[in-house]
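The values are calculated or read from the model by the stated rules, or taken from the named source; none is laboratory data. Worth saying up front: this structure is predicted, and the values here are computed from it rather than measured. For neighbour counting, all protein chains shown are included, and Cβ atoms are generated from backbone atoms with ideal geometry for every residue, glycine included. Each accessible area value is taken on the protein alone, full model and side chains, heavy atoms only, with ligands, DNA and RNA left out. Shrake-Rupley method; radii C 1.70, N 1.55, O 1.52, S 1.80 Å.
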Amino acid sequence: MCAKSFNIVSKRMWNVHYKNDIRYSLQMCQWLLQSIGVWPLVYEGASKLEQILSVILMTTCFSILFFVIVPSSHHIFYVEKDLDTKVKLFGPICFCISSTIKYCYLSLKGGAFKQCIEHMKRDWQVVQDPSHRTIMLKYVTISRKLITVCVAFLYTGGMSYHTVMQFLSKGRSKSNYTLKPLTYPGCDWFLDEQSSPTYEIVFLIHCITAMIMHTVTTAGYSMAAIFVTHICGQIQIQITKLQKLVEMKKREDDSSELLAVIVHDHVEILRFSENVEGALRVICLTEIIESTCVMCLLEYYCLMEWENSDAIAISTYLLLLLSFTFNVFIFCYIGEVLSEQCSQIGTIAYEIEWYHLSAKEAHDLILLILISQYPPKLTAGKIITLSLRTFGSVLKTSVVYLNLLRTVTQW
């Protein structure tokens, strides 16, 4: 059956719109990855000029990130003595370090993502039924909406923290500040950061750092959303083929070739799911650890600013908390949808009118039902399975860490 199915697939007509379709499905991910120089590493066919610009852009981005991380870490651990101030600075640095880790992984493991994108391109090439193409475009639209919401939340909260809050926070207005505000301290040991134009340059670098961090984070979300929604679209196509299988049998048409295609395509979906999980597991693990720690710190910051009655700071921290909560929810929801959709194949294979099929064809459906009992899962480093239960665990863990943090800071 497998050899026959390969012959069937090789004879399929190409989708004449596949170039526009793949461009539409990867467009938002391409914008994000191009802005940090990673796109030529994950997409086949980049020109020499694009590769050179990618190296220059990535070198610049890493230099900016380390310009913030190194002096700020030194300031937190060796210069700053006040515990509350240390805790308040630790959250932004923690996010900066985790974003740098994800950026390094995207740069080093571009081949894994390239393999997934090439698989997507093949799927778009061979789809020929207009209804199947409509299903795939529907799930592309869902992924684009998820990415848009993630970008809106993260950029709004993050840039508000780096700009608006630094100048309008009530804590600064009450303390008669003569120093110009900066998000990340620590550059004063080698720069006169309060003089012009040094201050303006450092402030601009901090804002660019924020944009790089948020772009790296949303790039990880975008690839997870695009890959998993693509799998969901392929699963729905297989479900429509299973339903068509019985209809063909009722019309006394030969359904053996269609069944061969269904089995072959289901194997391809499972293989693609495995590649996606392998490409995303480190990003997911970093995201779960980062979100748990940062959400705990943001909850603590909200309580601190509530005592100070600082509405600007509270609003900014709540917006950031909402964005991190939503983003980790999206990761866990995507993992839940992946497992649910892949297990749905077995349910549909049983619910169709399989008793109208021949005994051999009905027996072949057992393979689909058995395999669907062990659906692929999206994991965080092969340690944590991403699901809605995991999301609940992240929320509870952040609250537990919050209580521990409050206990430590009150000593």
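Values computed for the structure shown
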{"item": "Residue under evaluation GLY37, criteria (1) open to solvent by 10 Å² or more (accessible area, probe 1.4 Å); (2) outside any helix (DSSP H, G or I), criterion not met", "result": "(1)"}
{"item": "The lone exception for ARG281 - which of (1) charged (D, E, K, R); (2) farther than 30 Å from LEU357 by Cβ; (3) at pLDDT below 90 it fails", "result": "(3)"}
{"item": "Within segment 40-59, considering residues that are under 21 Å from ALA279 (Cβ atoms) and part of a loop (DSSP other than H, G, I, E, B), the one most open to solvent (accessible area, probe 1.4 Å)", "result": "GLU44"}
{"item": "Wholly within segment 293-411, helices (runs of 4 or more DSSP H) carrying at least 3 residues that are under 18 Å from the mean Cα position of the chain (by Cα)", "result": "311-351, 388-409"}
{"item": "Filter result (among the basic types (Lys, Arg), open to solvent by 100 Å² or more (accessible area, probe 1.4 Å) and touching a helix residue (DSSP H, G or I) at 6+ places or on another chain (Cβ under 9 Å)) within segment 370-411", "result": "LYS382, ARG389"}
{"item": "TYR103 over 15 Å from the mean Cα position of the chain (by Cα) and crowded, with 21+ Cβ neighbours inside 10 Å", "result": "no"}
{"item": "Residue, modelled with the lowest pLDDT, within segment 13-34, restricted to residues that are exposed (fewer than 14 other Cβ atoms within 10 Å of the Cβ) and of a type in the set (A, V, I, L, M)", "result": "MET13"}
{"item": "THR325 being modelled with pLDDT of 90 or more, surrounded by fewer than 22 Cβ atoms within 10 Å (Cβ to Cβ) and in contact with a Ser or Thr (Cβ under 6 Å, 6 or more places away or on another chain)", "result": "no"}
{"item": "Tally of residues being open to solvent by 20 Å² or more (accessible area, probe 1.4 Å) and among the charged types (D, E, K, R) across segment 281-312", "result": "3"}
{"item": "Residue check for GLY278: open to solvent by 20 Å² or more (accessible area, probe 1.4 Å), among the small types (Gly, Ala, Ser), part of a helix (DSSP H, G or I) and closer than 20 Å to ARG122 by Cα", "result": "yes"}
{"item": "Residue count for segment 309-355, restricted to those that are of a type in the set (Val, Ile, Thr) and closer than 29 Å to THR215 by Cβ", "result": "8"}
